[in-house]
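One structure is given here, and the rest of the page talks about it.
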Amino acid sequence: NHLAFLPTWWSYLYLLVAALVLYVMFGRLPEDRLERAVERVDGWLWGGRIGPRLALVVLFTLLFYVCRVETHFLGDGWGWLGIFGQGEGYYHKWTEFGAIHMIRLLQRLQGGYTHHTALVTFQAVSIVSGAAVVYLLTCIIGRLCARPTVRVLALVSLLASGSMLQHFGYVEFYHLLWAAALLFIWVAVRYQHGPKAVLLPGLTLGLAMLAHLQAAYLIAGPVALFVFKRRRADGSGIWSLVAVTATVIAGLTALAWLVSTRIDVEAIFLPVLGGRPGSLDYAVFSLRHVGDMLNQSLLIYPGLTYLATALLTCERRSSYERNDVILGFMSVGSLLFLLVVDPVLGMARDWDLMSLTLLPPVLFILHRIDVSAVRLTVRTVLVYTLVCAAATTSFIVVGIREAPSVDRFYTLLVHYGAKNRGGWANYVSYLETHGPPDKFETALCEMDRLYPEYRNLREVYDLIQRRVYDKALVIAEKLVETDPYQADFLQVLGNVHGKLNHDDLAEHYYEQAVRLKRHHVILNEMGQLYLKRGKYEEALDVFRRARSHAPHESFVGEGLGLTYIYLKQYATALAVADSLFMDSPDSPGGHLLKLTVAVRQGDLETARYHYREFVAHGQGRSDYDRMREYYGYLE
């Protein structure tokens, strides 16, 4: 109940709305005039002129801008701002390839990768995407619905929806997915004849999948349309069988390949009956998961219970239109995604990721209501509008204001316990900078209590530092056994095996860690292992990847430069050293690289110079004493 996070006067306001709902339901209304008003709205928006639609777009765009989000706990916003606001290095999330690179491009055009450019870019893209979404929704409604009352009902359903929160300057990538997916749906329902019926939907679906791979489940719609058209053309079911079989085989093959090559894909899907460590009561058919899906549905579409009831009372028809087929099969794909994909639960079952899964079913229901004999009165539409607008407003206001969004975030974290460590980390990080200190300390202790394995992780690194490798190995193995999908645990186990010279095992666990999380620290450790094993070409590839993520991290540059030295590419190694000096004029790592090259080339005078500079500027490094001893002859 979002009113719990808002001031008391909001509750009184909603009591007034409830009284108004009762009056509309049972009071005396000038229904003839109201019907004419609905018809005027219908003619205004769908009468053939583009001006009124653009006016609606401008109105919502102003709303999105004026009521921008004040804090960023709606999903992974806090984390993304930290990643995109700290230089060029960032996490390449392959499922959101296009959206991530668009954000990076717009940041670069603003002059650099700072917290300010990240926030401005995310908010601008969110608002502009919202304008596109509002316009495309009106176009889709005009195409799918013909009756004025149903069009207004559809407009209320889609604009008074919790999914609109993504466009209030929201820091994420899903608003781009919404704009691209709606463009695809509009093209799919608009172009169903001739060459454009295949080309345009294919291109727009590819664009949506480039923004976010989640859009792949919408492909069932165009495939079903192809089957529908072929069956109508030749009167047989052979093309239907071939197309459906080929699609199913291709989909299962692609999924099996992804699961076999990427452990992070396997981790995406929920277990069928029993949950994973940390959330044992969360599985595909668990009560908590089913309850969350219901809550998610009513959060995004508060009027969904009425729409579902109206669908059940629709007149049954023996044949279906093309749009029924397209939207029906899209709905199958999207609802399967909703059912089997494991949500992070950052803010109520990863609402931003899952909101698109409900759009095709809602469009399907609205279309069926329009073509059926369901009686829809203006009184019903008014009540529906009041209920949807009131419920969605409470959700959006809590989401965009700082204090209520922080309180709601904490409530959800407590409710889901150990399900979302990333959410806890963001919450603690927020309190560290925004205080108060006592609240930060309490949250930190609570996070440690919920995630004792991370205390064990810190203990392993402490044991590694003290070279107690056997004990560290036992704890690290237990960590991976507890959660084999946690990159941090796999990384530390690879680290311990490397210290014990179990190089094959170390390489195996580093590879597993990188498949889950391509972080530059993991890649750097993996590269160091390859150097130790003499696999210089493999090390070069890994260090290059690490540097693409973190081009200004000195230790990554040093590893890359050392690899070039082992490969006897001295000029390139010196170029890497020069890049380290560009970041830090007194870079100890840069001096070490130039020192090493000079020794290899027999230039002892240059080597002595860089050795003296390393001694002068490298005192804080962990390898300082070892390097002084190793190159002591240069003194």
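The values are calculated or read from the model by the stated rules, or taken from the named source; none is laboratory data. Everything quoted here is computed from the prediction, not taken from an experiment. Every residue, glycine among them, receives a Cβ derived from its backbone with ideal geometry; neighbour counts consider all protein chains shown. What goes into the accessible areas is simple: the full protein's heavy atoms, side chains included, and nothing from ligands, DNA or RNA. Shrake-Rupley method; radii C 1.70, N 1.55, O 1.52, S 1.80 Å.
See the values below:
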quantity: Qualifying positions in region 211-246 - assigned to a helix (DSSP H, G or I), polar (S, T, N, Q) and modelled with pLDDT under 65; calculated: SER240
quantity: Elements of type helices (runs of 4 or more DSSP H) in region 101-210, at least 3 residues being basic (Lys, Arg) and open to solvent by 10 Å² or more (accessible area, probe 1.4 Å); calculated: none
quantity: Elements of type helices (runs of 4 or more DSSP H) in region 531-630, at least 2 residues being of a type in the set (A, V, I, L, M, F, W, C) and under 41 Å from the mean Cα position of the chain (by Cα); calculated: 536-549, 554-566, 570-583, 588-600
quantity: Candidate set from region 358-375 (those that are without any contact (Cβ under 8 Å) to a residue 60 or more places away in the chain and out of contact with any Asp or Glu (no Cβ under 8 Å at 6 or more places or on another chain)); member that is surrounded by the fewest Cβ atoms within 10 Å (Cβ to Cβ); calculated: ARG375
quantity: Residues satisfying the stated conditions in region 406-424, i.e. among the polar types (S, T, N, Q) and under 17 Å from the mean Cα position of the chain (by Cα); calculated: ASN420
quantity: Qualifying positions in region 400-421 - open to solvent by less than 40 Å² (accessible area, probe 1.4 Å) and more than 20 Å from TYR12 (Cα to Cα); calculated: ILE400, SER405, VAL406, ARG408, PHE409, LEU412, LEU413, TYR416, GLY417, ALA418, LYS419, ASN420
quantity: Hits in region 27-81 (condition: assigned to a loop (DSSP other than H, G, I, E, B) and open to solvent by 50 Å² or more (accessible area, probe 1.4 Å)); calculated: ARG28, PRO30, GLY47, GLY48, ARG49, ILE50, ARG68, GLU70, ASP76
quantity: Matching residues in region 335-366 - criterion: being closer than 20 Å to PRO201 by Cβ and at pLDDT below 90; calculated: PHE337
quantity: Evaluation of PRO302 against (1) in a helix (DSSP H, G or I); (2) under 24 Å from SER157 (Cα atoms); (3) modelled with pLDDT of 85 or more; (4) of a type outside the set (Ser, Thr, Tyr) (one fails), failing number; calculated: (1)
quantity: Conditions (1) surrounded by fewer than 22 Cβ atoms within 10 Å (Cβ to Cβ); (2) closer than 23 Å to MET582 by Cβ; (3) not β-branched (Val, Ile, Thr): number failed by GLY561; calculated: (1)
quantity: Members of region 566-609 that are more than 19 Å from PHE555 (Cα to Cα) and charged (D, E, K, R); calculated: LYS568, ARG600, ASP603, GLU605, ARG608
quantity: Leading residue by the ranking (most open to solvent (accessible area, probe 1.4 Å)) among those in region 443-488 that are of a type in the set (Lys, Arg) and not in a helix (DSSP H, G or I); calculated: ARG467
quantity: Tally, over region 594-615, of residues that are farther than 24 Å from LEU567 by Cβ and free of Cβ contacts under 8 Å to residues at least 12 places away in the same chain; calculated: 3
quantity: Residues located in region 403-414, provided they are of a type outside the set (Gly, Ala, Ser) and under 15 Å from ALA4 (Cα atoms); calculated: PRO404, VAL406, ASP407, ARG408, PHE409, TYR410, THR411, LEU412
quantity: Residues within region 458-485 that are at pLDDT 85 or above and within 23 Å of ILE268 (Cβ to Cβ), tallied; calculated: 3
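One line per residue, one yes/no per condition, for (1) without any contact (Cβ under 8 Å) to a residue 12 or more places away in the chain; (2) closer than 27 Å to SER405 by Cα; (3) in contact with a strand residue (DSSP E or B) (Cβ under 9 Å, 6 or more places away or on another chain):
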{"residue": "ALA99", "(1), (2), (3)": "no, yes, no"}
{"residue": "LEU105", "(1), (2), (3)": "yes, no, no"}
{"residue": "GLN110", "(1), (2), (3)": "yes, no, no"}
{"residue": "THR114", "(1), (2), (3)": "no, yes, yes"}
{"residue": "THR138", "(1), (2), (3)": "no, no, no"}
{"residue": "LEU153", "(1), (2), (3)": "no, no, no"}
{"residue": "VAL171", "(1), (2), (3)": "no, yes, no"}
{"residue": "ALA181", "(1), (2), (3)": "no, no, no"}
